[in-house]
Amino acid sequence: MAILLIAEMREGEVRHATFPAVTAAKQLAELLGTEFDILLLGKGAQAGAERLKDLGAANVLWSEAEAVAEYTAEAHAQAAADLVNEKGYTAVLAAATTTGKDLMPRLAGLLDAGMVSDAIGFEKGDEGIVYLRPMYAGNAIARVVIDTPIHCLTVRETAFDAATPGAGSAAVAEAPVNVDAGGLKAKFVEYQLTKSERPELTEAKVVVSAGRGVKDAEGVKLIEQLADALGAALGASRAVVDEGLLPNDLQVGQTGKIVAPDLYIACGISGAIQHVAGMKDAKVIVAINKDEEAPIFEVADYGLVDDLFKAVPKLIEKVQAARAS
Amino acid sequence: MKIMVPVRRVPNPDVKVRLKKDGTGIETEGVNFLVNPFDEYAIEEAVRITEKSGGEVFLVSIGGPENEETLRAGLALGAHRAYLVDLGGECYESSGIADILAAVFKQENPDLVILGKQSVDTDNNQAAQMLAAKLGLAQACFAYKVELQDGKAVVQREIDGGLEVKEVELPAVITADLRLNQPRYASLPAIMKAKKKEVKKVTPADLGAEPKNRARVLGLSEPPPRKAGQKVASVDELVDKLVNEAKVL
Ligand SMILES: Cc1cc2nc3c(=O)[nH]c(=O)nc-3n(C[C@H](O)[C@H](O)[C@H](O)COP(=O)(O)OP(=O)(O)OC[C@H]3O[C@@H](n4cnc5c(N)ncnc54)[C@H](O)[C@@H]3O)c2cc1C
Ligand SMILES: Nc1ncnc2c1ncn2[C@@H]1O[C@H](COP(=O)(O)O)[C@@H](O)[C@H]1O
């Protein structure tokens with residue numbers, strides 16, 4: 001039977017993480033010899049459905065019903081559960097974003113289904129599909145099977161390429177949603193989002209991250225200049241976030257964002273297990289740290305032992321020169 | 001207000017785990033176990049609420065007899081009493097844990113359940129949401145700030161791109177993120193006092209729970225190691241390597 005991908009909407013737009021998740025859905029459907037559908041819930045879902053109809057799905061279903069117009073786990077999980085039961089989907093996926101992590105286990109709870117978080121790949125095994133996922137801050141890869149008729153999973157955005165439009169067009173239809181808005185015990189109030197001109201951390205080709213070594217707001221500014229010279233996204237260690245120097249959603253690591261850019265430059269970051277868990281899949285890692293014993297050098301392809309307040313201004317200059325030529 | 005805080009026993013997260021040769025698990029010899037760090041934030045939040053407006057905090061830890069140590073550590077942070085659910089050697093993943101937590105909830109009927117947002121060993125991030133679904137309660141995950149008003153909680157949640165504000169009816173399930181508060185250190189008198197607090201030992205059967213595992217780990221393997229890197233002597237050399245060797249600039 002077919003599988004279902006739940007797309008992610010925010011303020012009327014389809015979020016980027018949906019596209020790698022579509023690739024995961026496509027791979028899983030192929031492995032199972034079946035098709036996949038996409039579900040969009042929320043304001044802008046109808047327009048979003050048009051955007052997603054040529055990514056290889058059989059059906060794209062959308063709803064802008066009042067109860068699901070804004071995201072709450074309560075309403076969206078209920079709507080999705082009803083649809084899964086009605087259509088008989090055997091697997092449900094979403095991207096492992098903060099929304100996917102909030103929603104999918106609730107859906108699994110409603111469906112009494114087993115769940116895998118943060119899947120990075122699938123294999124066929126003796127007992128059906130084997131899901132691969134990191135555990136222990138990425139220091140182990142687990143092979144997991146699900147023992148219930150319905151499988152729920154979130155997939156790690158960095159482990160799958162973003163789906164691109166191709167041949168074939170899905171049937172687009174409005175999804176039946178019968179969630180009673182009045183009966184919900186939760187209410188969305190508002191977003192308080194940080195606006196930034198820089199690329200999104202999880203999508204950027206280059207990420208420059210600041211650690212405690214940057215010391216203060218002046219130091220952060222320096223790292224921002226480097227990021228801007230490279231057209232890079234800005235990241236941070238938890239120490240910097242805890243100091244209030246940069247917003248929390250820039251935290252890279254086990255409990256923050258997982259990134260896998262072509263180039264990751266860690267400035268004044270020691271390389272704690274929890275930080276490394278979030279960036280060790282970058283293609284090229286550069287570390288700038290004045291302590292040559294810092295563990296970050298164990299994962300860095302290029303390590304520069306130097307004071308970042310000396311090295312980074314020079315690096316900015318060089319990058320600007322290289323870009324100009 | 002009565003608040004339930006489930007706490008997990010995890011291997012010290014600051015030490016890199018070693019896998020057993022046969023991939024069936026991790027080496028536990030010589031490893032010290034701690035309260036799951038996120039659960040300390042959950043305990044701290046619950047204790048602050050009761051310090052301000054009265055009530056009590058009870059902890060629940062599911063595992064074996066060794067979880068008593070975990071609970072004593074949590075009680076030393078200000079919780080009032082605890083349940084130790086002894087699995088008699090069985091092991092459950094998040095959905096089975098949620099089955100048991102739901103049974104405890106039904107016995108105690110707390111006003112609020114605060115959990116950690118994730119176990120730092122499995123990184124599952126599932127038990128709270130599953131618990132809320134099973135009980136038909138509202139959830140507010142990844143809390144940055146919790147404000148209690150009558151009959152409801154207004155929670156600022158950490159989400160991609162910033163914060164989201166959500167209102168949930170009580171009783172509700174909340175999970176703690178790292179900026180929720182700064183957990184206290186247990187003082188010596190608090191540690192002494194914790195030794196005398198009640199830890200009620202029960203089995204899932206005592207609670208009327210029939211936990212199930214719905215997912216199973218077949219085995220663990222090491223991730224592919226990164227190739228050894230190199231030190232560069234100067235910014236010039238670094239830029240040269242990035243341009244000509246790695247070709248990323
Ligand atoms: C449950 C839990 C979850 C966590 N999750 C995360 C997570 O997701 N992400 C994360 O990052 N952390 C996380 N942590 C925290 C983690 O353990 C570390 O404390 C944190 O990563 C340290 O940040 P840092 O490297 O910036 O600071 P430090 O460890 O203090 O390192 C600062 C580094 O800067 C260098 N330095 C200082 N001055 C200079 C200079 N002038 N020039 C060059 N170098 C300099 C120093 O040599 C040092 O190596 C978590 C911890 C826990 C308990
Ligand atoms: N064995 C356990 N005993 C008590 N609480 C647990 C246990 N395992 C997980 N929890 C709680 O559930 C939260 C989320 O766990 P998880 O779904 O494993 O990431 C943890 O932060 C704990 O609060």
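The values are calculated or read from the model by the stated rules, or taken from the named source; none is laboratory data. Because the structure is a prediction, the values reported are computed rather than measured. FYI the Cβ positions are ideal-geometry reconstructions off the backbone, even for glycines, and counts take in every protein chain you see. Note: accessible area is taken over every heavy atom of the protein model, side chains too, but ligands, DNA and RNA are not part of it. Shrake-Rupley method; radii C 1.70, N 1.55, O 1.52, S 1.80 Å.
Quick notes on this structure:
- Check on B:GLU40, within 14 Å of another protein chain (Cβ to nearest Cβ) and within 15 Å of ligand 2 (Cβ to nearest atom): yes
- Qualifying residue in segment B:131-153 (condition: under 20 Å from B:ASN213 (Cβ atoms), more than 8 Å from every other protein chain (Cβ to nearest Cβ) and either of a type in the set (Ser, Thr, Tyr) or not in a loop (DSSP other than H, G, I, E, B) (or both)): yes
- Some residue of segment A:138-158 being within 19 Å of the chain's Cα centre (by Cα), of a type in the set (A, V, I, L, M), facing another protein chain (nearest Cβ under 7 Å) and surrounded by fewer than 24 Cβ atoms within 10 Å (Cβ to Cβ): yes
- Considering B:THR24, B:THR70, the condition of being of a type in the set (Val, Ile, Thr) and either over 28 Å from A:ALA142 (Cα atoms) or open to solvent by 10 Å² or more (accessible area, probe 1.4 Å) (or both) is satisfied by B:THR24 alone.
- Residues in segment A:189-215 that are touching a strand residue (DSSP E or B) at 6+ places or on another chain (Cβ under 6 Å) and in contact (Cβ under 8 Å) with a residue 60 or more places away in the chain: A:TYR191, A:THR202, A:VAL207, A:SER209.
- Residue that is nearest to ligand 2 (Cβ to nearest atom), among those in segment B:104-138 that are more than 21 Å from A:GLN78 (Cβ to Cβ), open to solvent by less than 10 Å² (accessible area, probe 1.4 Å) and over 10 Å from the mean Cα position of the chain (by Cα): B:VAL104
- Only one of B:SER61, B:SER94 that is within 13 Å of another protein chain (Cβ to nearest Cβ), within 30 Å of A:ARG238 (Cβ to Cβ), modelled with pLDDT of 95 or more and buried (at least 24 other Cβ atoms within 10 Å of the Cβ): B:SER94
- Number of the condition not met by A:ALA294 [criteria: (1) more than 10 Å from chain B (Cβ to nearest Cβ); (2) open to solvent by less than 50 Å² (accessible area, probe 1.4 Å); (3) within 26 Å of the chain's Cα centre (by Cα)]: (3)
- Test set (1) within 12 Å of ligand 1 (Cβ to nearest atom); (2) assigned to a loop (DSSP other than H, G, I, E, B) - B:ASP22 fails condition number: (1)
- Condition met for B:GLY30 (at pLDDT 95 or above, open to solvent by 60 Å² or more (accessible area, probe 1.4 Å) and part of a loop (DSSP other than H, G, I, E, B)): no
- The one condition in (1) within 11 Å of another protein chain (Cβ to nearest Cβ); (2) free of Cβ contacts under 8 Å to residues at least 24 places away in the same chain that A:GLU218 fails to fulfil: (1)
- Filter result for B:VAL146 (in contact with a helix residue (DSSP H, G or I) (Cβ under 7 Å, 6 or more places away or on another chain), more than 8 Å from ligand 2 (Cβ to nearest atom) and open to solvent by 10 Å² or more (accessible area, probe 1.4 Å)): yes
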